Structure formats: C-alpha cells, structure tokens
Amino acid sequence: MAFQLTTFRSAALCILIALLCACSAKEEQAKTEVWLPDTKVVKMPMEDYAGIPFNTTREEAKEKYNCTAYELSFSCKMKNGDQEESIWLIYNEAGRLVLMKKELGYFKKDVADTIIERFTIKYGLDYTPSEGQESAFAAGIKKSKTYVFGGGQVAFQVGRSLNNRNELMLVYFFPEDVGTTFAKSVMN
C-alpha cells in the first residue's frame, strides 16, 4: 500500500511538472500539427505505447530508443504507425517508468471531442468530469479536467497554463497498477 501511494505521488508530481513544462513551450506548440488517435481496439491491459514497453529502463530509453535524457524524464521521437510522435517518458526516483505523456498543444474543442470519441472506441471510457467539475474548471476554480479510459491506463486532460490564460491538452499512458491508482484518485 505504501509503495502504491509513493508511486501514485510520484506520478502525480510528474504530471504537475509535465503540465508546467508544457506551458513554457508555447511557441513550439503553436506550430504542432493536430494529432488524432486511431480507433483500433487495443488489448487491455496495455504493456506498451508507441512500441515502448512500460518496463523500459532509463538506460534502454537512451540506448534502444534514442531518447534525450533529462533528470527524471526522457524526450522521445517515435514512429507510431504512419505518424512520428513526440512523447515524454517520466520516471520516479526509484527508476521506474510511471507514465508516458504526449503534449497536444492548445485546447481546441473539436479536436478534444474527436480525441475523446476515438479513445472511447479504442480503450473504453471509464470516467468523464461531472457537471460540477466542468463548472469549476470553467470558472477557473479547478486547474484541470480529466477523462479516463482503459481502466485508468489512458487519460486525456485539459489543463490551465501557469498564467491561467491558456488551456492545454495532454494525454497520459500509465502502467496498469499506476493507472488504476490514478483513475481512483481522479474519480474521487
């Protein structure tokens, strides 16, 4: 139980750091092409995303996948089907990969609706924000709203930038145990 709580706290901290980093890359995000997921149904639980297994070590991330190392994260350019994707691998202090993150740039309602629809087909929808959570987000009280798919292994999040002027879209892919804990925390 303590390990799961520590892993969850590490993942939550990594998500916060990731959201903060996403806010600083404003110019780069403006140039990013629109990414939309395919609708091929995926066998759950997922063991990897974009060909990178959830048990990938830091050394493998650098050597096998040519990712650029930072402190607890790695930036990777991966071929996923026909598309090249930029994803972040986030590790906890113990060296375990706790999440993969994809930054999608500024919020666009039509793109967000399409992503939610396609993720629902691909992974199955587990959770959507309540009306109260939607209202709190719209009023600026809540900093993010999260949709959960695939038993918690996939999350689509719309979050506010540091200056509260912009809304950013992010997708997270979790190992099964971390995703389950994350999903429970979002749903409570």
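The table below lists the values:
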| quantity | calculated |
| --- | --- |
| Selection from region 66-79 of residues that are in contact with a Phe, Trp or Tyr (Cβ under 8 Å, 6 or more places away or on another chain) and under 21 Å from Phe174 (Cβ atoms) | Cys67, Leu72, Ser73, Phe74, Ser75, Cys76, Met78 |
| Out of Gly151, Gly159, Gly132, sole residue that is small (Gly, Ala, Ser), in contact (Cβ under 8 Å) with a residue 40 or more places away in the chain, within 24 Å of Asn188 (Cβ to Cβ) and in a helix (DSSP H, G or I) | Gly151 |
| Subset of region 162-178 that is open to solvent by 10 Å² or more (accessible area, probe 1.4 Å) and not in a loop (DSSP other than H, G, I, E, B) - its residue that is nearest to Met44 (Cα to Cα) | Glu176 |
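The values are calculated or read from the model by the stated rules, or taken from the named source; none is laboratory data. Being a predicted model, the structure only gives us computed values, none of them experimental. Quick reminder, even Gly has a Cβ in these numbers, built from the backbone with ideal geometry, and neighbours come from all protein chains shown. For the accessible areas, the whole protein counts, side chains as well, though only heavy atoms, and no ligand, DNA or RNA atoms are used. Shrake-Rupley method; radii C 1.70, N 1.55, O 1.52, S 1.80 Å.
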